[in-house]
Every structure is written in structure tokens, then in C-alpha cells.
Amino acid sequence: MEAVIKQPLNAAQIELLNSVAHLESQEELRELKHTLSLFFAKLADKEMERLWDEGVINEEVMEEWSHEHMRTPYHPKM
């Protein structure tokens, strides 16, 4: 079990919690999750563009990434 760090919620977290409290169905929850995933994908896209523009990443780096295996190894409990 991971340790949980307790700290005050920020304004965005409070806003999300207040919004989620009004969801009435699993479908609404799925729609919210989809919307949030699009939002975070857009943020990631912007960051990738910034890194590209600054020369931090390029075609060579992208090619290297395409061959990386970054999965967490699975070790069954004995």
C-alpha cells in the first residue's frame, strides 16, 4: 500500500469535487472522464510542441522513444 501525503486541496481540486458531486449516472461520469482526458491530451500536446520548438526533442529523440519499452515489470507475489 502506498503512503498518502495529506495536504490541503487546491482550488482546481475543490472545483472538480464540487462538480463531480452533481453527477447522477455512470454515463455522466464517463463523459466527464472523456472530457478530462481530452483536456490533458491537449496540455501534453502543447508541451511537446514547446519542447520541439526549443530543440529539446527532435526526429532523432522521437525515433529513440519509439523503441523504448517503458512498461512496469510484472512480478507475481510468491
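The values are calculated or read from the model by the stated rules, or taken from the named source; none is laboratory data. Small disclaimer: the values here were computed from a predicted structure and weren't measured. Cβ: placed from backbone, ideal geometry, glycine included. Neighbour counts: every protein chain shown.
In the range 32-53, the residues that are more than 21 Å from Asn18 (Cβ to Cβ) reach residues that are outside any helix (DSSP H, G or I) and among the aliphatic types (A, V, I, L, M) with C-beta atoms within less than 7 angstrom, at least six apart or across chains, in these pairs: Leu51/Ile57.
Residues of the range 1-32 being surrounded by 10 or more Cβ atoms within 10 Å (Cβ to Cβ) and charged (D, E, K, R), which ones? Steps first, answer last, please.
Here is the first cut: in the range 1-32, the residues surrounded by 10 or more Cβ atoms within 10 Å (Cβ to Cβ) are 9, 13-17, 19-20, 23, 28-32.
Result: Glu15, Glu28, Arg30, Glu31.
Checked against (1) at pLDDT 90 or above; (2) exposed (fewer than 10 other Cβ atoms within 10 Å of the Cβ); (3) not hydrophobic (A, V, I, L, M, F, W, C), Tyr74 meets all criteria but (1). Number of residues in the range 1-38 that are part of a helix (DSSP H, G or I) and among the polar types (S, T, N, Q) equals 6.
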